[in-house]
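Report on the structure given below.
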Amino acid sequence: MLQCHQSSRKDAESAKSAEGERIFSLLLGIVNLPRSINLHSLLILCALCLCATQRVKHPSMSISAESVKICGRPSRISLINPYFCPALNFHHFILLLKKEFDIEFRQKTAINGILLFVLSTVFISYLAFQHIIEPSLWNALFWIILLFGAIITVSKSFLNEQKGRMLYNYFLYNPRTVILSKIVYNSILLTVVSFVTLFLFSVFIGSPVQDLGVFSLVLFLASFGFSSILTLMAGISIKAGGSFTLTAILSFPLTVPLLLVAIKVSKYAIDGLAFSVCSQYLLVLLLLNIIVGALSYLLFPYLWSD
Amino acid sequence: MAKNWWKILAVLLVLYTIVAGFLLPVPARVILNETIRNLYFHVPIWFAMMLLMSVSVYSSIRYLGKSRIKNDIIAVQTAHTGIIFSILGILTGMLWARYTWGTWWTTDTKLNGVAITFLIYTAYFILRSSIEDEQKKARISAIYNVFAYVMMIVFIMVLPRMQASLHPGNGGNPGFNSYDLDSTMRMVFYPAVIAWMLMGAWIAQVKIRIEVLSKKILYDETV
């Protein structure tokens with residue numbers, strides 16, 4: 001539909017013959033659209049998501065009002081104000097981010113576990129392949145290892161939250177602050193992991209990457225995108241009983257669009273193509289990131305207020 | 001009768017689509033030949049699937065706002081019907097591809113996107129079956145449904161048009177409407193679109209009513 005709006009607007013400017021029919025077929029969405037219009041449609045989707053993040057009312061209001069109604073005496077409860085919701089607060093965001101890092105530095109389970117995972121898988125591929133010259137094979141192996149690593153890393157992110165503390169946090173922080181801090185923390189973690197993976201790959205298997213700048217840009221963007229999808233999915237699977245399999249099942253298909261574009265650009269970076277070739281796909285990757293980030297940001301409060 | 005006229009219309013239009021779709025003359029094209037008749041089945045079935053999925057995501061959003069279990073039932077049953085339609089769409093597409101491209105399935109962005117969409121919605125049903133509590137199940141699956149729908153749009157509407165694709169209407173290929181859809185084909189194609197959409201709506205409605213009734217019998221409450 002989005003593409004149709006865009007293209008029908010464009011058509012109104014240019015085409016004159018058979019207007020009605022043409023617009024109708026545009027509405028059907030089977031017309032051949034130029035590639036640029038497609039980027040526009042992605043942009044519009046992106047803008048819609050961003051608008052929604054600004055417009056959508058916070059759900060906790062209705063939920064807590066409901067729970068208070070069950071209690072029966074809404075006016076007596078002064079401590080738990082049904083309309084109380086902490087605002088989105090930058091200070092809280094920093095605090096939560098710091099908390100995540102503190103826990104990580106104290107326990108060191110997540111980062112050590114993931115590094116061991118990456119090391120062992122890279123070593124196994126080294127034993128199997130010795131040295132990979134074929135770029136597409138290298139690329140596929142790299143992204144598969146990175147994807148599995150990302151899922152293992154992020155699926156842990158809600159395990160630390162015990163039930164009582166969730167309730168406590170619910171009264172302290174806005175859920176959107178929580179999801180933002182988790183996404184940022186996970187994306188920093190994933191960026192570190194992806195660069196370590198790249199390093200290990202170049203040590204053991206060899207690195208055919210010619211344009212390292214574009215490749216690291218792809219790694220940054222992909223880490224952010226993965227972390228925003230996987231954090232929400234980890235939250236969902238924790239709420240649904242907390243099995244690792246469920247996280248994997250839910251998030252594999254959803255990460256594929258990002259992964260496809262990332263694989264394509266990283267192939268370009270490996271081949272050392274000019275930046276002008278990659279730039280369009282980098283833009284697409286950025287827009288996809290914004291879309292999935294906005295969706296997680298938008299949907300997490302409904303999960304949180306359960 | 002006043003309420004059910006659209007069901008009769010659906011049956012009549014589907015019958016018309018099948019009879020006229022196979023019997024009326026079509027423009028003769030190289031390679032395509034008679035397979036062009038697939039336009040009456042494959043494309044409208046996908047439109048119906050998109051319609052059903054849109055209804056599904058709409059009622060999921062409604063559920064997140066209002067927490068009424070009826071909306072959840074609508075969301076899941078329309079998604080079920082949408083999956084059935086997408087399987088039909090894949091099958092008709094495969095049949096068409098066998099006679100024009102020469103294979104049942106090829107590595108193509110559109111085709112892969114459709115396969116992944118199928119996986120996404122299967123994951124949606126698995127998620128639903130893994131949660132016991134009724135309200136919790138509805139809420140969490142509604143969240144997943146919204147995410148899944150946006151990803152589906154990215155997958156089957158946006159990405160295939162950006163990369164090389166064999167599929168008509170994608171990746172620089174002309175859509176059928178640009179030169180093949182002459183007036184005789186239009187006479188069947190547009191009724192076919194309405195027919196399959198109405199059919200989808202009808203199937204979904206029956207499924208929703210069965211579900212609502214079973215809820216009523218189980219819990220003795222109006223949903």
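The values are calculated or read from the model by the stated rules, or taken from the named source; none is laboratory data. Values in this document were obtained by computation on a predicted structure and should not be read as measured data. Positions of Cβ are backbone-derived with ideal geometry, glycine not excepted, and every protein chain shown enters the neighbour counts.
Structure values in brief
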{"read-out": "Residues that are within 7 Å of chain A (Cβ to nearest Cβ), part of a helix (DSSP H, G or I) and over 19 Å from the mean Cα position of the chain (by Cα), drawn from region B:108-155", "value": "B:ILE126, B:LEU127, B:LYS136, B:ARG139, B:ILE140, B:ILE143"}
{"read-out": "Exclusive hit being under 20 Å from B:SER59 (Cα atoms) and either hydrophobic (A, V, I, L, M, F, W, C) or exposed (fewer than 15 other Cβ atoms within 10 Å of the Cβ) (or both), set B:VAL114, B:VAL76", "value": "B:VAL76"}
{"read-out": "Elements of type helices (runs of 4 or more DSSP H) in region A:113-231, at least 2 residues being at pLDDT 90 or above and polar (S, T, N, Q)", "value": "A:175-204"}
{"read-out": "Check on A:VAL261, facing another protein chain (nearest Cβ under 9 Å) and part of a helix (DSSP H, G or I)", "value": "yes"}
{"read-out": "Which listed residue, of A:VAL214, A:VAL196, is of a type in the set (A, V, I, L, M) and either within 14 Å of chain B (Cβ to nearest Cβ) or buried (at least 19 other Cβ atoms within 10 Å of the Cβ) (or both)", "value": "A:VAL214"}
{"read-out": "Residue that is modelled with the highest pLDDT, among those in region A:290-306 that are more than 8 Å from every other protein chain (Cβ to nearest Cβ) and more than 16 Å from A:ALA52 (Cβ to Cβ)", "value": "A:TRP304"}
{"read-out": "Filter pass, A:PHE204 being surrounded by fewer than 22 Cβ atoms within 10 Å (Cβ to Cβ), within 18 Å of A:ILE145 (Cβ to Cβ), within 14 Å of chain B (Cβ to nearest Cβ) and in contact (Cβ under 8 Å) with a residue 12 or more places away in the chain", "value": "no"}
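Residue-wise test of (1) surrounded by fewer than 24 Cβ atoms within 10 Å (Cβ to Cβ); (2) touching a residue at least 40 places away in the same chain (Cβ under 8 Å); (3) under 14 Å from the mean Cα position of the chain (by Cα).
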residue: B:ARG37; (1), (2), (3): yes, no, no
residue: B:MET53; (1), (2), (3): no, yes, yes
residue: B:TYR63; (1), (2), (3): no, yes, no
residue: B:LYS70; (1), (2), (3): yes, yes, no
residue: B:HIS80; (1), (2), (3): yes, yes, yes
